[in-house]
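S.K.: Mind looking over this structure? Questions follow.
The values are calculated or read from the model by the stated rules, or taken from the named source; none is laboratory data. All values reported here derive from a predicted model rather than from experimental measurement. When we count neighbours, we look across all protein chains shown, and the Cβ atoms used for this are built from the backbone with ideal geometry, even at glycine.
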There are 2 protein chains.
Amino acid sequence: MSGTPTFKRLPRAVREQQMLDAAVKVFSRRGYHAASMDEIAEDAGISKPMVYAYLGTKEELFVACLHREGTRMMQAIAGAAAPDLPADERLWRGLRAFFGFVGAHRDGWAVLYRQARGEQPFAGELAGMRARLVDIVAGMLDHALRAEGRGAGETDLEVVAYALVGASESLADWLADHPEADPEKTATRMMNVAWLGAGQLLAGATWRPGR
Amino acid sequence: MSGTPTFKRLPRAVREQQMLDAAVKVFSRRGYHAASMDEIAEDAGISKPMVYAYLGTKEELFVACLHREGTRMMQAIAGAAAPDLPADERLWRGLRAFFGFVGAHRDGWAVLYRQARGEQPFAGELAGMRARLVDIVAGMLDHALRAEGRGAGETDLEVVAYALVGASESLADWLADHPEADPEKTATRMMNVAWLGAGQLLAGATWRPGR
DNA sequence: GCGTAACCTTACGGGCGAGTAGGTATGCTC
DNA sequence: GAGCATACCTACTCGCCCGTAAGGTTACGC
C-alpha cells in the first residue's frame, strides 16, 4: 500500500546464502520430496523464480546444500585434527569438532545424513564424503599402530574405521534429536569407545568365534 | 485373444505377499517417492487397483513393508540370541543373525534403513525398532557386567549400546552394497570391536579428555 | 446351472508442484 | 538523467502419478 519498500534489494551472494539457509531448513524438516520450492522461496523471503535463477533446479539446489554443509563439516574436522599431533589427540579433536558441528548445525546434519542417504541421485556424493572420513580415521589408527611398532591388515583397518565412523554417525544422530544433550560429553563417550576398543582390537586381541 | 489364461487367479494371502515382495524391491531401488504404484503393481504381475484393494494407499503399503521386514529382522535376532546363554555368546549369535539377515535381504534392509529414516511419517516407527535393539544390547552388556560383579551407570550403558548398534548398522550398510562380502566374516569383525571395546570401556578404563 | 462373491481389468479424474514467460523496479555509471 | 544491467515479481503451463469408478470374468455353493 504505502510503498512498502521494507524489503531491500540485496546482492546475489547474500541472497544465495539466505536461500541455502532456507533450503537446508526446509529440506531438513520436510524431506527432499515433500519440500516444495515455493516453501523454500517463501522461507528465504524471496519469490520462486529467483531461486531458479540463482541456484537452478531443485536437484541442483539440494546438491548445493549438500556441498555447503559437507564442506563445512569436513573443514571443521580437518581443521581441528592437525596431522602433526599424536594419534589419540588427533582423534579426540576430530571427534570434538565433529560433534560440535552436529550440535550447532542440526538441520545441516539431517539434510546430509537422513535425506541424502535415501535418494539415489545424492547417495554417491555422500558415500564419497564418508569414504574420505573412513580413510582419515583409518590413517589415524594406522599411525597409532606404527607408533607402537605394530601393523594391521589393510582390510581390517578399514573395516574397523568403518565401524567407528558408523558409531559416531549414530551418536550424532541421537545428538541431533536431543537438543539438551551436550556435544562435548557425547564426544568424550565416543572417544572412549573408539580409542579403547579399537586399540584393544588392533593390538592383537581377538574374540574367538569357535565357542 | 486366445484366452490367455496364463495368469492364474490366486487367493488373497498369496497375492499380498507377492505385492509386498514387489513393493520392497521397487521401494528399495527407487526410493519411496520415486517408486510408482504402477511399477509396483506391474512388478507384482497385477494391476494397480488390486494393490489399493489389498494393501491400501501408498503410505499404508510402505508401512506394511516396514512391518514385515522389521518383524522378520527382529525375529531373526531374538530367535538366535536366547536369553539363557552367556552374554558374549548371545551377542555373537545376535550379530550373526543380524548380518545374516542383511546379507539375505538386502532390499529389505535398504527399505528399512535407507528409506524409512528420511521420511517423517515412518521415522518414528523405525526409531522404535532401533530403541528396542538398543535395549537388548544394553541388557546384554549389563548382564555381562553383573556376571563379573561390576556395574555401570544407566546412561553410559545406553550410550555405549547406541554406539554399538550404530556401528553394526554402518557395517550392515556396507555389506548391503558389497554382494561379494561374507556376512559371517563381517559379524566376526563387529563382534571383535564390540566385545573387546565395550568390555574394556565398561570394565572401568577411561581415556582422559584433559591431554 | 444359477447366484453371488471374490478376483481382476481398463480407463479416467484431479491435485500438486516443478519449472517458465514476460514484465517491473531499482540502483549504478557516465 | 539516459542507458543498462541486475534484482525481483505475478501468474501461468504442463506432466506426473495417486487414487477410483465402473464393469468383466472365474470359481464355488447349492
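S.K.: Can you tell me which residues in the range A:55-69 are surrounded by fewer than 16 Cβ atoms within 10 Å (Cβ to Cβ), assigned to a helix (DSSP H, G or I) and either within 8 Å of DNA strand C (Cβ to nearest atom) or among the charged types (D, E, K, R) (or both)? Step through it out loud before you land on a result.
M.R.: Step one: list which residues in the range A:55-69 are surrounded by fewer than 16 Cβ atoms within 10 Å (Cβ to Cβ), which gives A:56-57, A:59-60, A:67.
After this cut, where a residue has to be assigned to a helix (DSSP H, G or I) as well, the list is A:59-60, A:67.
The answer is A:Glu59, A:Glu60.
S.K.: With (1) at pLDDT 95 or above; (2) assigned to a loop (DSSP other than H, G, I, E, B); (3) among the basic types (Lys, Arg) as the list, and A:Arg72 as the residue in question, which single condition is left unmet?
M.R.: Single failed check for A:Arg72: (2).
S.K.: Moving on to the next point. Looking only at the range B:38-54, decide whether some residue is touching an Asp or Glu at 6+ places or on another chain (Cβ under 7 Å), part of a helix (DSSP H, G or I) and over 15 Å from B:Gln115 (Cβ atoms).
M.R.: yes
S.K.: Sticking with this structure for a sec: If you check every pair at least six apart or on different chains, which have Cβ atoms under 7 Å apart with a residue in the range B:26-40 that is farther than 17 Å from B:Gly56 by Cβ first and a residue that is more than 10 Å from DNA strand D (Cβ to nearest atom) and not in a helix (DSSP H, G or I) second?
M.R.: B:Gly31/A:Gly118; B:Gly31/A:Glu119; B:His33/A:His33
S.K.: Here is a further query. Taking A:Gly79 as the residue in question, decide whether it is of a type outside the set (Asp, Glu) and within 16 Å of DNA strand D (Cβ to nearest atom). Steps first, please.
M.R.: Details: of a type outside the set (Asp, Glu): yes; within 16 Å of DNA strand D (Cβ to nearest atom): no.
So A:Gly79 does not fit the description; no.
S.K.: Cβ-Cβ under 8 Å, sequence separation 6+ or interchain: first residue in the range A:112-125 and more than 10 Å from every other protein chain (Cβ to nearest Cβ) and assigned to a helix (DSSP H, G or I), partner surrounded by fewer than 20 Cβ atoms within 10 Å (Cβ to Cβ) and among the β-branched types (Val, Ile, Thr). Which pairs?
M.R.: That search, which allows pairs on different chains as well, returns A:Phe122/A:Val63; A:Glu125/A:Val63.
S.K.: Taking the condition part of a helix (DSSP H, G or I) and under 12 Å from the mean Cα position of the chain (by Cα), does A:Gly103 pass?
M.R.: Working: part of a helix (DSSP H, G or I): yes; under 12 Å from the mean Cα position of the chain (by Cα): yes.
Spelling it out, A:Gly103 is indeed part of a helix (DSSP H, G or I) and under 12 Å from the mean Cα position of the chain (by Cα).
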